[in-house]
Amino acid sequence: MSRVAKETAQERLEELKKEVNTAEYIETAVERISWVLSSEVLEMQEKNER
């Protein structure tokens, strides 16, 4: 990887670290996870009822 690419990747990584450490990001992530898990549980229940 070139030096410029490494520097760009490092800058992007720092930006993502700042974004992830916000309450809004964490709240959104938890909400998305809960939606996915809920959907999977409902699918499993439907399959078991068949």
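Each reported figure results from applying straightforward, stated rules to the coordinates on display, with no laboratory input. The structure presented is a predicted model; accordingly, all values stated were derived computationally and were not measured.
Some observations on this one:
- Between helix 23-49 and the chain: long-axis angle, C-alpha atoms, 0 to 90°, nearest 10: 30
- Cα shape, the chain, gyration tensor, a/c 1.5 rule: oblate
- Between the Cα long axis of helix 3-20 and the first principal axis of the chain there is an angle of about 50°, rounded to the nearest 10.
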